[in-house]
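Worksheet: one structure, shown below.
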There are 2 protein chains.
Amino acid sequence: MAENILVIGGGPAGLNAATMLSELGVKVTLAERDSFLGGNPKKFKYKFLFPDMQPADDVIGKLIKKAETNSNIKVYLSSEVSDFKENGKKFDATIKSPDGNETKTFDSVIVATGFEHFDPARDAKYSYQLFDDVIDIKDLERMMGEGNFVRPSNGQPPKNVAFILCVGSRDRHVGNQYCSRVCCTVSVKQAIELREHFPDCEVYIFYMDIRTYGFFEDLYWKAMEEYDVQIVKGRVAEITSGENNTVICKGEDTLLRGPFEIPFDMVVLASGMEGGPQSSEMAKKLGLELDEHGFLKPQNVTLAPFKSNKEGVFLAGACTGPKAISDSITEGGAAAMDAYIYAVKNH
Amino acid sequence: MAENILVIGGGPAGLNAATMLSELGVKVTLAERDSFLGGNPKKFKYKFLFPDMQPADDVIGKLIKKAETNSNIKVYLSSEVSDFKENGKKFDATIKSPDGNETKTFDSVIVATGFEHFDPARDAKYSYQLFDDVIDIKDLERMMGEGNFVRPSNGQPPKNVAFILCVGSRDRHVGNQYCSRVCCTVSVKQAIELREHFPDCEVYIFYMDIRTYGFFEDLYWKAMEEYDVQIVKGRVAEITSGENNTVICKGEDTLLRGPFEIPFDMVVLASGMEGGPQSSEMAKKLGLELDEHGFLKPQNVTLAPFKSNKEGVFLAGACTGPKAISDSITEGGAAAMDAYIYAVKNH
């Protein structure tokens, strides 16, 4: 009899773990709380992925198709793990789906429950939801994916746009001291896309540090040199309404050492990533540890980033911290390997 | 008969790939060019690892021990792949070791040939090798590992130390446009260690952007708040000799908008990472692609960061770009999974 492995979460990490395991003949149960596979990239309709602007569907779509068409993978949508308990070295889990409850015994478990986008409405200074033209990077990504680059307030092309980095990240005021890793690169990517779409539109990025780490740096050079994006070190302290249907960013340019008040047609907030309620639910239900930032805690951040504190339960993707899709896919592979080893040994 | 898999490179990525594969009963051949396992962390005697300051030996030593004591892993030290050719879906490789040449047929191959530290002597403005008290982060790491925190010139404790970030990274002048990802966090970690060891020593970090991404940010807060490390946005343009056996950093503070000339007892250069000659050798010998930065190129940076352009040959660790040890270990796991799938299918 083949090994049975439970994968919780159908985003990039869970999908890759499930498809790799299925190639070894493992029977995979894939439980996804949403009514579709693909995780946040699918939910928020990401269009092009950094760093190489490949269509998100070429990556996510491919993983979804593999999972949906593989007879070794049973997908449960709109489903959750309602009950979980250890059974010797194995695990008995009940999947609650629209078709009813099903309890199975699994040899090992991979938790890949992902992240939540930070809700910028939680920080009043950004006036998100107060002004139509203040949106965030996930809103803009979805709009651009729909071919809709215009101002929400009036449907007109923007003449100037500001990106504000570190919204909900590196900010103890909202409870998130950590950096969300990808928002700098997403913003630089979107700034380039805006400039491509509207060559006459001025684009500013207000930053604390530009963290286009590793080869993502190539995009940063490109934004400055080929697309003339204005990159300004400074913090925006307040967003207010201006004349002629504009929104005003007030703040301080820390390099020029002076205050600024600039009216923009659109402001895009680079919202960060949070563990979300599903991380604490998983921690409680499966007996896993949470870290101080509200994400699931690996057994050892260097030696075993994809092992949980519980033997036989593995972690992959953004449930252990903010990361790029490529990192989530890789962790899905590593967790699959480890979950398979455990399953083979204890089968 | 068990599958045979060749792992080239015995650093964190290769070690983890080898040990995980061995747990599935795979016969692993591990070829390492150096006379020891452990890669750069071992070669340069890394002492404590960011972000949680765990002893490097607890991580690397554990992986080495696992590899050395597992009967499924045959380790070849001071060895290289001298010949490589495809044999149907398999690969014939000759390992040239001090004991002679051995040719075997492998079901799949993992390339984990790592990186080289950038040699700061290549950039004359830093006066590395000209002044004893100008060292780099790998030198300091080794010195601290040996319990030796003092000035190389006179064996005295330093009264002030400067870290200069982005040496050999984000610098087209030396041919490396990319960011090396880890040098910011390594520098912040070492600054904390210096302040712990010499509470009266002033420590400065000169930076372009502080890229302590993700949870590494915690170390940055700690350096500023608990250790009073001075973090200065500015570029050092030149290092010269000063009075009283000091070295002078000349540059511009971009926040205060003024030039500075500060004498230091020690300067630590945050040297970056390069693909090194082994990447181009591997590319040539195995028929792999190199990227524009001189690292091995994955088939797809998002969907398949651990697959090479050649079916059956997989990539893991810093040979595909600068990364943290944790990332290399994870990639080792993912590449192991993929190499195992390929091996099982084509065995």
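The values are calculated or read from the model by the stated rules, or taken from the named source; none is laboratory data. Bear in mind that the values here come from a model prediction, so they are computed numbers and not experimental data. Reconstructed Cβ throughout: ideal geometry from the backbone, glycine too, with neighbour counts over all protein chains shown. Side chains included, ligands, DNA and RNA excluded: accessible areas come from the protein's heavy atoms. Shrake-Rupley method; radii C 1.70, N 1.55, O 1.52, S 1.80 Å.
Per DSSP H run of n ≥ 4, the term is -39500 (n - 2.57); total these for chain A, divide by its residue number, and report the mean residue ellipticity at 222 nm rounded to 500 deg cm²/dmol. Before the final figure, lay out each step's value.
On the way: 8 runs with 89 residues, N = 347.
The helix-only estimate for chain A comes to -8000 deg cm²/dmol at 222 nm.
Measuring against 28 Å, Cα to Cα, the residue pairs A:138/B:233; A:323/B:96; A:27/B:85; B:43/B:285; B:42/B:285; B:104/B:345 contain A:138/B:233; A:323/B:96; A:27/B:85 as the ones spanning a longer distance. Going by the alpha-carbon gyration tensor, a ≥ b ≥ c the square roots of its eigenvalues, is segment B:118-272 rounded (a/c under 1.5) or, if a/c is not under 1.5, prolate (a/b greater than b/c) versus oblate? Taking the square roots of the gyration eigenvalues as a ≥ b ≥ c, segment B:118-272 is rounded. A 1.4 Å probe, protein heavy atoms only, puts the accessible area of residue A:319 near 0 Å². Only Cα pairs under 8 Å and 6+ residues apart enter the sum, and on that basis the relative contact order of segment A:118-272 stands at 31 percent. The distance between label points at residue A:87 and residue B:173 comes to 6.5 nm (points 7 Å beyond Cα on the Cα→Cβ vector). With the gyration tensor restricted to C-alpha atoms of the protein assembly as shown, the semi-axes of the equivalent ellipsoid amount to 39, 35, 22 Å, longest first. 3J(HN,Hα) along segment A:64-77: 4, 4, 4, 5, 6, 9, 9, 5, 7, 10, 9, 9, 10, 8 Hz, from the Karplus curve 6.51 cos²θ - 1.76 cosθ + 1.60 with θ = phi - 60°, whole Hz, x for Gly and Pro.
With θ taken as phi - 60° and the Karplus curve 6.51 cos²θ - 1.76 cosθ + 1.60 applied, the whole-hertz 3J(HN,Hα) list for segment B:269-279 is 8, 7, 5, x, 10, 10, x, x, x, 5, 5 Hz, x standing for glycine and proline. Neighbouring Cβ atoms from other chains, within 10 Å of the Cβ of residues in B:321-334, number 6 on average.
Take residue A:235: with every protein chain present and a 1.4 Å probe, its accessible area is about 70 Å². Shape class for segment A:121-197, computed from the alpha carbon gyration tensor (a ≥ b ≥ c): oblate, with a/c not under 1.5 and a/b at or below b/c. Between copies, the label points of residue B:241, set 7 Å from Cα on the Cα→Cβ line, lie 6.8 nm apart, reported in increasing order to one decimal in nanometres. Solvent-accessible surface (1.4 Å probe) assigned to residue B:52 amounts to roughly 70 Å².
A 1.4 Å probe run over the protein chains yields, for segment A:118-272, 38 Å² of accessible area per residue, whole-number rounding. Each copy carries residue B:69; placing its label point 7 Å along the C-beta direction from Cα gives inter-copy distances of 4.7 nm, listed from smallest up. Take each residue of peptide A:336-345, count the partner chain Cβ atoms within 10 Å of its Cβ, and average: the result is 5. A simple spin-label model places the labels of residue B:197 and residue A:132 6.1 nm from each other, with each point 7 Å out along Cα-to-Cβ. Sorted shortest first, the distances from the residue A:101 label point to those of the same residue in the other copies are 6.7 nm; each point sits 7 Å from Cα along Cα-to-Cβ.
Take the solvent-accessible surface of the protein heavy atoms, probe 1.4 Å, and return the percent of it on segment A:118-272 that carbon and sulfur atoms account for. Show your work: numbers first, answer last.
Numbers: 2740 of 5810 Å².
Carbon plus sulfur share of accessible area: 47 percent.
Label point of residue B:346 set 7 angstrom out along Cα-Cβ; within segment B:79-111, amide nitrogens under 15 Å from it belong to B:84-93, B:105-111.
Going by the alpha-carbon gyration tensor, a ≥ b ≥ c the square roots of its eigenvalues, is segment A:1-159 rounded (a/c under 1.5) or, if a/c is not under 1.5, prolate (a/b greater than b/c) versus oblate? Prolate, since a/c reaches 1.5 and a/b exceeds b/c. Per residue of A:217-228, other chain Cβ atoms within 10 Å of the residue Cβ number 2 on average. Taken as Cα centroids, segment B:180-238 and segment A:1-64 sit 38 Å apart, rounded to the nearest whole angstrom.
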